[in-house]
Amino acid sequence: MAPPRKVLISVTSAHAPLYPEGKETGLFITEALHPFNVFKKAGFEVEFASETGTYYVDWLSETKEWLSGEDRKVWEDHGSEFRRKLDKLHKASDVNPSDFGVFFASGGHATLIDYPNATKLQKLAADVYSSGGIVSAVCHGPAILPGIRDKETGKSVIAGKKVTGFTTQGEEEEGVLDTIKSWNRATIESAAADAEATYVAPPGPWDAFAHTDGRIVTGANPASAHVTAEAIVKAFDSL
């Protein structure tokens, strides 16, 4: 029996100063919005959840450079399906994993803070995976993957797999590596290695890039959100 054609998009509950003048990181909007659009077009139902049932927005992701045109219209319309569902997102402990065939972790630097210890989201993803579904993430979203355990091996679901995510070079170019270290958090590359996965870098830190390894699908950065979602749909339809 095929897994349900339904996606759970996880978002971060964390926020912290990252940008000049103390502006904060949180959910990177288009890393949830672009996949939402792809999933809906492909006939999936979509719901949102975070560890605590709350979310915060990444300041940079709401600037005109990163959010314009139709994306901004959808974001600013609280009656749009995307904004309505996001604003009423579920608390992870209230979600039934058997309802979903795909777990997708959206990003934003704040995911580095809460995703590694988001045990309820991790359990949801583990249950989706053990039921034959897809586990996926984009940009900093792969921070959740080491903690998602394969029920058969007890190891991370990415152990022995190839994954991508935001590059350490990108962190250096943004000038935020010291801040990440102050959070006592690993970069995506380091976290992947610690989970016995092989990190696959995009051609450049900002190039659209996604990688599929079985039922694990990952993307590299904000520009990769759309292609990552397309790869997820392809992987799901191949189950």
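Quick look at the numbers
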quantity	calculated
Accessible area (Å², per residue) of region 145-239, counting only protein heavy atoms and a probe of 1.4 Å	47 Å²
Dipole moment magnitude, nearest 20 debye, region 1-124 about Cα centre, only Lys, Arg, Asp, Glu C-beta charged	400 debye
Cα-Cα separations in region 145-225 greater than 14 Å, expressed as whole percent	62 percent
Rg/Rg_ref, region 58-164, where Rg_ref = 2.2 N^0.38 Å and atoms are Cα	1.19
Lysines whose Cα lies under 28 Å from that of Lys151, excluding same-chain neighbours fewer than 8 positions away	Lys6, Lys91, Lys120, Lys123, Lys161, Lys162, Lys234
Solvent-free Debye scattering, log10 I(q)/I(0), computed from the Cα coordinates of the chain at q = 0.08, 0.10 Å⁻¹	-0.24, -0.39
Cβ crowding within 10 Å averaged over residues, with 50-59, 230-239, 134-143 ranked highest first	134-143, 50-59, 230-239
Cα Rg, Dmax (largest Cα-Cα span) when computed across region 37-87, Å	12.1, 31
Where region 7-54 is the region considered: accessible area per residue in Å², 1.4 Å probe	32 Å²
Reciprocal of mean inverse Cα separation for region 1-54 (Kirkwood radius, Å)	12.9 Å
Accessible area of region 46-115 belonging to carbon and sulfur atoms, whole % at 1.4 Å probe	48 percent
Two-decimal Rg/Rh across region 86-131, once Rg and the Kirkwood Rh are taken from alpha-carbon atoms	0.96
Kyte-Doolittle mean at least -0.5, axial Cα span of 15 Å or more - DSSP H helices of the chain	30-41, 119-130, 225-237
Test item: Cα-centred dipole of the chain, Lys/Arg +1 and Asp/Glu -1 on Cβ, debye	780 debye
Quarter of Cα convex hull surface for region 21-115, i.e. mean projection, nm²	6.7 nm²
Among beta bridges that DSSP assigns inside the chain, antiparallel share in %, nearest 5	25 percent
Whole-Å distance, taken between Cα centres, linking region 70-145 and region 8-40	10 Å
Using a Förster distance of 45 Å, the FRET efficiency for Asp178-Thr153 (Cβ separation, nearest 0.05)	0.80
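The values are calculated or read from the model by the stated rules, or taken from the named source; none is laboratory data. Values in this document were obtained by computation on a predicted structure and should not be read as measured data. Note that we place each Cβ from the backbone using ideal geometry, even for glycine, and neighbour counts take in every protein chain shown. Protein only, heavy atoms only, side chains kept; ligands, DNA and RNA dropped before computing areas. Shrake-Rupley method; radii C 1.70, N 1.55, O 1.52, S 1.80 Å.
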